[in-house]
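Down below is the structure, laid out as C-alpha cells.
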Amino acid sequence: KLKENEVLSAVPEDKSEPCQIIARTSGTITRIIVRQGKAAVAPVDEVNEGQQLIEGQLSILNDGGEVVRTAYVHADGDVYARTQYHYEETFSQYHTVTAKTGEKRYGAGLMAGSYRFRFLTPKFGESSWNYMTNLIQIRLFGDFYLPLYAEKITGEGFVTYERPYRQEEKEEEARKLHQYYQKNLMEKGVQILENSVKIQEDGALWKVEGSVIGEEQIGTERYITEFEETEVTKETDERN
C-alpha cells in the first residue's frame, strides 16, 4: 500500500549503539528487569550514584568455559530502588502580618481612552489602602456602547506589623513545605513510601526538617566509547 505525503514526525532513536545502564542516584535495589544485557546488581544491593546496574559488555564463552570474544550490546531494562531524600528550611521567629483596620474609602471616576479622572473621599490616619475598582461601560439605547467607562472605587484600610509565629502557624508552614516537596518528587516519578516532618527551635530561628523515602526508577544510559579486546581475539588477529 502506498500513501501520499507520508512522512516521519520524528527520527527513530538508534537503539544499536553499545551502552550500559548506571545509577543516577544512590539507593537500595528493590527490583530489576533486564531486557538486554546482563544484570550487575541484585535486589537488596546498596548502590551509589554512577554505579553500573546492567552491563552492556558480554563475554562469549566456548565449550571449555573460556572467553573467546566480547560482545557489546545496547543495554536495556528497568532498575528500581528505594531512595531517601532530606530537606530543611529555616525561618525567623517573627513574620509580617496584615490586618484590616475597618476603615473604608469610596470614590468614583470616568475613563475615556488614556484619560482617567478620579475622586476619592479624604483619608485619615496612617493606614495603607487596598482598592477595588468596578468599571462599567456606558451605553445608549440598550446596545450602543460608548468608549467611556464609569468607575466605582472602594478602598479598605490595613496595617502591617511583625509578631512571633504561633505554633499552629508553624505547623501549617511545615505542612505546606512538606506537601510542596512531595509533589515535586512525585512529578519526577518517585512513589512515596514513607515520610516524616518535624519542627526544630533554634533561638531566634526555627526550622522545618523533613525526610521522604520512596521507590523510583534509577537507571540511566551511559554509552560505551572504549572497546576492550580479549586475549583470544588479539591472538586470532595476529595469526591472520
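Within segment 29-44, being surrounded by 16 or more Cβ atoms within 10 Å (Cβ to Cβ) and in a loop (DSSP other than H, G, I, E, B) holds for 37, 40, 41.
With closer than 30 Å to residue 106 by Cα and out of contact with any Asp or Glu (no Cβ under 6 Å at 6 or more places or on another chain) as the only criterion, which of 214, 203, 142 stands out?
That would be 142, the only listed residue that is closer than 30 Å to residue 106 by Cα and out of contact with any Asp or Glu (no Cβ under 6 Å at 6 or more places or on another chain).
Among the conditions (1) out of contact with any Ser or Thr (no Cβ under 7 Å at 6 or more places or on another chain); (2) assigned to a strand (DSSP E or B); (3) open to solvent by 100 Å² or more (accessible area, probe 1.4 Å), residue 69 misses just one, which is (1).
A count restricted to segment 169-200 and to residues that are closer than 25 Å to residue 78 by Cβ, outside any helix (DSSP H, G or I) and not hydrophobic (A, V, I, L, M, F, W, C) stands at 5. Filtering segment 194-212 for residues that are more than 18 Å from residue 88 (Cα to Cα), surrounded by 12 or more Cβ atoms within 10 Å (Cβ to Cβ) and at pLDDT 95 or above leaves an empty set. May I ask you to list the residues in segment 45-57 that are surrounded by 14 or more Cβ atoms within 10 Å (Cβ to Cβ) and either among the hydroxyl-bearing types (Ser, Thr, Tyr) or assigned to a strand (DSSP E or B) (or both)? Passing the criteria: 47, 52, 53, 54, 55, 57.
Quick one: is residue 60 part of a strand (DSSP E or B), over 25 Å from residue 212 (Cα atoms), open to solvent by 30 Å² or more (accessible area, probe 1.4 Å) and among the hydrophobic types (A, V, I, L, M, F, W, C)? Can you show your working first?
Numbers: part of a strand (DSSP E or B): yes; over 25 Å from residue 212 (Cα atoms): yes; open to solvent by 30 Å² or more (accessible area, probe 1.4 Å): yes; among the hydrophobic types (A, V, I, L, M, F, W, C): yes.
Taking the combined requirement at face value, the residue satisfies it.
The set of residues in segment 172-186 that are touching a residue at least 24 places away in the same chain (Cβ under 8 Å), under 9 Å from the mean Cα position of the chain (by Cα) and open to solvent by 30 Å² or more (accessible area, probe 1.4 Å) contains only 181.
The values are calculated or read from the model by the stated rules, or taken from the named source; none is laboratory data. None of the values given here were measured: they were computed from a predicted structure. Using ideal geometry, Cβ is built from the backbone for each residue, glycine included, and neighbour counts are taken over all protein chains shown. When the accessible area is computed, the model is the full protein with side chains, heavy atoms only, and any ligands, DNA or RNA have been set aside. Shrake-Rupley method; radii C 1.70, N 1.55, O 1.52, S 1.80 Å.
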